[in-house]
Each structure stands twice: as structure tokens, then as C-alpha cells.
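Beneath this line is the structure, given in C-alpha cells, with notes to follow.
Here, each number is a calculation from the coordinates, and none is a lab measurement. Quick caveat, the model's predicted, so the values are computed rather than measured. Cβ sites come from the backbone with ideal geometry, for glycine too, and all protein chains shown count toward neighbours.
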Amino acid sequence: MKKLMYEEAIAEYQKAAAILRTYLPHLGCMYAVIGEREKALEILDELHSQSQHRYVSDYKIAMVYVCLGEKDKAFEYLDKAYENRDSGLHAVKVDPLLEILRSDPRFKAFLKKMGLE
Amino acid sequence: MGIKCPKCHTDNPSDSRYCRQCAAPLPSSEDISASPTKTVETPTEELTRGTTFAGRYEIIEELGKGGMGKVYRVFDKKIEGEVALKLVKPEIAADKKIIERFRNELKLAREIAHRNVCRMYDLNEEKGIHYITMEYVAGEDLKSTINRVGPLGTGKAVFIARQVCDGLTEAHRLGVVHRDLKPQNIMIDKEGNARIMDFGIARSVKGKGITGSGVRIGTPEYMSPEQVEGKEADQRSDIYSLGVILYEMVTGRVPFDGDTPFTIGIKHKSEIPQDPRELNSQIPEDLSRVILKCLEKEREKRYQSTAEVRSELIHIEKGLPTTDRVIPSRKPATSKEITVTFNIKKLLFPVVAVAAVIVAVVLVWQLTLKKEAVPAVSEKPSIAVLPFEDLSPDKDQEYFCDGLAEELINRLTNVEKLRVPARASAFSFKGKERDFQEIGEKLSVEMVLDGSVRKAGNRLRINVQLVNVADGFPIWSERYERNLEDTFALWDEISLAVVDNLKIVEAYNLYVQGRYFWNRRTEDGLNKAIDYFEQALELDPDYALAYTGIADAYSMLSGYNFLSAHESIPKAKTAALKALEIDKTLAEAYTSLAHIKERYDFDWLGSEEYYKRAIELNPNYPLAHHWYGGLFRVTGRFKKAYEELTKALDAKKLWSWLQITAGHMKSLRWPI
């Protein structure tokens, strides 16, 4: 049942990303969540290559890494997002997608840096 | 041989350039003795200073001679104001066809009501002498200016040409082609603004009889090749003449001159003009290109409309160093004798009510969860001008009342994006009781401009109000008290002041359209929104709301990751601070800044303070609640977030511009 809902979500994100490129990270995240790691990595590649010529949100890249379970990379990109004053970052304290980071001491430190702790 | 001054008739030595008596520029002696292009003069009636002509025009001075006859500055005793009066030479007036043609042309020409066009009034006859009355413009004609100072600076030349373009655009829109545009026909008034004279004359006088008798109307130096060939002129012929004038303004000489009209005509037809930059290296390259394009031999290769020339000139103007630009010296909307002054920015909010329909479209769109709606772009605010009511005890001001309303109709018709019913439909309500809702319905307008005139002694009190048809309440009103000295000037002044204020409607309309696109939250939509806000700022550079629009658009461009914060947030911040600098009580400005503080500065406390201030200033601004709710959410205060978001939804439901108007009335001059 849950699986089915993820598939529906992926279908919606595919449509969204086709309209607005800024939804591509969400799609990547969904692939990662359902175990389609290759597809998620492809999307990450795509995001990195897009970032060569236009702004790609570091916060959203961090989000894809979170979904892939790669915490180190996720923190690396959260720091980048902070440097770039990424607009997504303002919700870092409450974003449910970042759940797996919350127990990590680096997350607390990060919130402190943001003035949110 | 000496030179007689054309103004004071003093004899001057033949090598003089300026009159020794009145310092007026003198034509060179060569011009007088051998000018091939000078209009052939025949004796005509002369009017002497101090005498009264036609029982009402007291002659003040002779202004000059044109192809049609002598022009005088006169005092019209009947309307107690100065006008210009042009006598028509007897040999021209003798041809009934010409007079008839002129009558027809004048009917069209007097429709042109534009600040850059000298208004034509009437054609009349007194004891067999035909004469024309027109607006008197104090100042100097452009030819005299060029003769006096030589080539004009680029900024000044472009400024004048742009104004001439504006006047021509209006005339062309009404189907009137000037046909004899030349610097002698362009007056530069005391404020430095250009006014085109003599619309409708050239065509009337063109005819076999006249050309046969050797009188030339139209000066060869400024004639288009098609006119030289005797072909019908159109708006592109005026564009050619404008090209010649621009050429002369920046180089001090016309592109083609010669010993006879024939040789000049041949050059217009076949000779390539010298690049103006070769004569004056200071001329920017793009201006030179514009001039040469106006001077193309084939009209298909020229600009096809004056609007095209205008936009090129504006582009050039923007590229000039600030020090070279001419800042228009606007005629003040009010004078010492006007008791109450306008304040455009303060009037902004009341006037916003007029765009209620557009706002309704935006709101419907927002409330229907972004379903496609008709864009606001197609909406045009509409205003009917009613004949003013004469409240004078003697009821003797009907002429003034009707004239003022007509002047207003003419002026408002010129305001782009405004629909104004014609005089005939608006005047059908003359003398009837004012039921604004009924009038609004019958004329399909959203607003009615209504007023009254009361004369006491030599004082006139004029009340003007703009009424919102939907609820019958005035959106704004204004009172003027003046001496009845110069009717035309007073009409002019009041109508200009009213139009100036209504331009806010146009700026506001652009702001609303900008917000419509802003709400789409797409990259394209946000960029379009910035375009609209910038256009609004072109109309009113101190338009604080438009700055908040720009701020929010740049914030969103980053918010949706279309741009990095480094690229867009400095721009957003500058715009928001500018809005606040203009209006320290603007909720929208505090909201924009609060959002930037929250999202990009991570200054949570500062942000909260600003949201609070915005809501305090305007508790009905939905975006303030929306974003304040967002701040509560990201800082983990979910209950409060929910409360604010609910308030945002409520505010949206309540959000009518009339309420906002009421909210802002506290800051206005009206007692509430």
C-alpha cells in the first residue's frame, strides 16, 4: 500500500519536474526512498551538471543525500546552503524529511548556527 | 540695406544678428533679399497694438508671419484670456474651397488635445477678413532657439524630439497629419516643453490656385521626398520632417539646402544626407542612426509610427549620462491661488478603489486555487466626465462649465489604458439629477468625474470629484479657487492636474497586473511581474508599492531557486528599503523586509518585529499574515502558525480595496 502511494508520488513529481526543474530533487528523493538508488544518483548527477550554469538549491541536494542515507554528504550540502543563504534552509528545524539527521550532534550545532536553537 | 526686426520693426544694420532694440534674433540679410524658400508675401490687413478686432480681441503684439498670414497675440475680452489670432491673407481667403477645406481640417485639428500640441480653437470671419484663433503659447520657436544658441546638446534635442513625437502620436491617432512640421512651428514654452503649432493648416492651403500664384506652404528644407513629388503625405512624412528637425537641432544645419526650392527638393529625393556625426562628433551613434532612418527616401524604410521613434529616443535618453539628460520641468499642478494641493502618493490608496474589477479578477483567481483566470491585462479602468454644474447665483458660467468638462474629456482620452465615453454620451446627463449608479450603468463606466463651478465676483470656486460608481462614494475630491482671468489657462491647469492624478490609476493598474504575474510564482511570471512594477515606476518614480512588488519578486526568484540569494536578495533588499524610505507607514514594505530578514538573514527576531509592524499598520494585508504564519511554522510554533494562516485566509476573503482605502484614510487629509 505504502509502495503504491510512493509510486503515485513519483508520478506526480515527474509531472511537476517536467514543468518546473526545481522539483527534480524531490523526484530524486522519492527514487531514493523506494530503493531506486541508480535513478536517484542519476538525478543528483543531473543536478550537479545543472548547477554549472544556473543556481541549484544546495538545501535540496542535501535533501536527496538524506533520502539516500548519506549523512556526511547531507551535512556538507547543508553547510553550502548556509553559505549561499539558500531559501529552503529557513525550514531546516521543522522539515520532516531531515528526520534522520536530528539525532546527529552536527544537526544541533547547525541549528545553533542558524539561531534556531 | 538694413534689416527690420520682425518683432519690434526697428531698423538694424545689415550685419546685425540681433535687434538693437529688443534683442530678437534677426534674419540674415541674405535671407531677406534672396531667400528662395521664403513664403511670398502679399499685402494683408494689419492690426495695430491696442486696437480691438472683431469686437473682442484686443491686439497685444504681432508675433510673426506665417504662410497663411500674420499672427497676433491678443486678449480675448469675451473669455478674458490671451489667445493667438492668425489673419488669413485675403488671396487665400478668397478661395472658398480653401476656407471650406480649412474648416474641415480644423474640425479634426481641434480634437487634438495634448500637452505638446498648441490647441486650435476657431475659424471666423470679420468684415470679410478670415481669422483663426488658437492657444497662445508664451516662449520661443525652436528655429529662433537654434539660431540663437546653435546646435543643441544631445539631451535637450532628444527631449524636444520626444515631446514632438508625443504630440504627433496623438495627432496621428486622430488621423491628422501635420504636413508642414518645421522648427518655426514648434514653440518651446517657458517650462522648456515643446508645443507643435499650426495643425491642419498646410493641407487646407495646398491647392492649385495657391501654388499657381507662387505662395508656398511648407518649407522645402523640411519637406519629405513624397511631398516634393506632390504625393499625398501621411504620418511617415511627418516622421521625415522630424528627422530633419532632429538633424538641425544636433548639427545646427539642415541636411539639404540650396539656392532654389527645386534644388532642395531634388536633394530630398536623391541625395544621401551626410552622417550627422561627421558634423558633430558628440552625437551618439544610435541617435545618428535614428535620424538617418527618419530621413530614408522611401517611407517604407522609415519608422512607421512616431511611437517607434519615441521608444528609440527614450532608449537613447536612458543611455545618456545623467548630466546630459533634460529633466522635464513640469507645469506645477497647483499654483499659489489653488487652496488645496494634490499629493499623488497620498491619493494612491483612494484611487486604488477604481481598479476594483481588476482586483476582483485577481482575487477570484487566487481564491480558486490558481485556476486560470482572465489576466487583468485586458481590463481598462473607465471614467465618464459629466458636464460641470453651474452653482453661480446668476447661472452665467455654463460656457466655462461645459468647456472644462470638454477639456477634461479630451485630456483623459489621451491617457492610455483609460476608457472615456465621448462628450455626446456624457453630456446627455446635463441638467439631470446625478444618480451615479444609473450613469455608471448607462455609460458602462466604473467611475464618474463630476464637478461644480461657483462664481462670486471675479472669483471662481471649482469642485472636482471622482466618484466610484459601485458605491457612490468619492474616491477623491479637490477644490480650486481662482480668479477668473484666463479661462483657457485655467481649463488647462485643472485638467492637467486631474489627468496627472489619474495617471496613478495607470500606475496602479500596472502594479495589479504585476502582482497577478507574481502570484503565478513561475520564473517567467516573476520576471514579467518585475517588468510591470518597473513600468509603474516609470509613471511614478516614487511609487512605494511598486518597489514592494519588485522586492517580493526578487525574494520569490530566490525562494523558488530560480536565482541564488546572492544574485537576487541585494536587489530585493534595496527595493524594500526604497519603499520604506518613500512611505514609512506602508505595511507591504515591512512585509517585504520581514520576509528577507527571515529567509535570507536568518534574523528571526527582526523578522517577527517587522511582520508585527506590518500587521499593526494594515491588519487586512493577507501576505503579512501568510508569511508571518510561515515564520511561526519554521520556528516550531505551529499553533500560532495555524492562527496566522487562518487570519491570512480571512483577510483574503475580506480583502477589498475599498477596505484598504478606509484603512489608509487615516493617513490622508480627509477627516474621518
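Overview of values
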{"read-out": "Net +/- balance of residues flanking residue B:310 in space, Cβ distance below 11 Å, scoring K and R +1, D and E -1", "value": "-3"}
{"read-out": "Estimated inter-spin distance, residue B:60 and residue B:459, nm [label 7 Å along Cα→Cβ]", "value": "2.6 nm"}
{"read-out": "Sorted largest first, extent of chain A alpha carbons per principal axis (Å)", "value": "37, 37, 20"}
{"read-out": "Shielding of A:81-91 by partner chains, average beta-carbon count, 10 Å", "value": "6"}
{"read-out": "Whole-number Å³ per residue for the convex hull built on Cα positions in segment B:529-636", "value": "93 Å³"}
{"read-out": "Test item: B:519-528 mean partner chain Cβ contacts at 10 Å", "value": "1"}
{"read-out": "Kirkwood hydrodynamic radius of segment B:443-588, Cα pairs, Å", "value": "17.7 Å"}
{"read-out": "Global geometry of segment B:217-294, whether rounded, prolate or oblate, following the gyration tensor of its Cα atoms and the 1.5 cut on a/c", "value": "prolate"}
